[in-house]
Structures are given as structure tokens and as C-alpha cells.
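The values are calculated or read from the model by the stated rules, or taken from the named source; none is laboratory data. This structure is a prediction, so every number in the text was calculated from the model and none was measured. Counting neighbours? That spans all protein chains shown, and the Cβs are built from the backbone with ideal geometry, glycine included. The area values use the complete protein model at the heavy-atom level, side chains included, leaving out ligands, DNA and RNA. Shrake-Rupley method; radii C 1.70, N 1.55, O 1.52, S 1.80 Å.
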Amino acid sequence: MMEVGRVCVKTMGREAGKKCVIVDTIDENFVLITGPKSVSGVKRRRANIKHIEPTLYKLEIARGATDDEVVKAIEKAGLRELFETPLKPERRIVI
């Protein structure tokens, strides 16, 4: 499921609940993701695959695509509104 072009949701960190796209695979534990920041607020960075949740959406982009190419692919697929609305992160109460 962790393939180039797969749309994911960040589950950990300050960007939790925001959508991102896998741009490249680094190794079996890490991938390079981008929002891009202008669309969803997620900066291009390395992410642990345990901190992202894949969705059913997949964009047609090349490996290592630039943020501009990702924005064009998002608009072509009609997913801009999906990227702009973050999911509300689940709050856990620790007692």
C-alpha cells in the first residue's frame, strides 16, 4: 500500500489529521511525503510509515515529483477539497 502517489493521512505529530502524498520510498520504514504545504499544510519531509495511514486514493505522479507536479495531479484528480479539509485528530485521555 505504501507506493509513490498514494494519498495518506498523518496520524502523529503536529500535522496529525492532514493529508499528504507519498513522493518517494526511502527504505522499508521511511517514505518521503509532501502535502504540499500550500494545499494541506504538510511540508516535504521524511516520515515513518507507522505515522501515516494510507487511503484508497492514488495520484499519477512520477517518483520524486516536485510540489508543483503534485498540486497539478491533485487538481486533475479533483481532490483539492479533500486535501484542504483536515480530519479531526482523535483525542486520547490518559488516566
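Below, the figures for the structure above:
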| read-out | value |
| --- | --- |
| Options Val39, Val94, Val23; residue that is open to solvent by less than 20 Å² (accessible area, probe 1.4 Å) and modelled with pLDDT under 95 | Val39 |
| Failed condition for Glu53, given (1) touching a Cys at 6+ places or on another chain (Cβ under 7 Å); (2) of a type in the set (Asp, Glu); (3) open to solvent by less than 20 Å² (accessible area, probe 1.4 Å) | (3) |
| Any hit, the range 75-91, residues being crowded, with 19+ Cβ neighbours inside 10 Å, among the charged types (D, E, K, R) and not in a loop (DSSP other than H, G, I, E, B) | no |
| Residue check for Val71: assigned to a strand (DSSP E or B), open to solvent by less than 60 Å² (accessible area, probe 1.4 Å) and either acidic (Asp, Glu) or touching a Pro at 6+ places or on another chain (Cβ under 9 Å) (or both) | no |
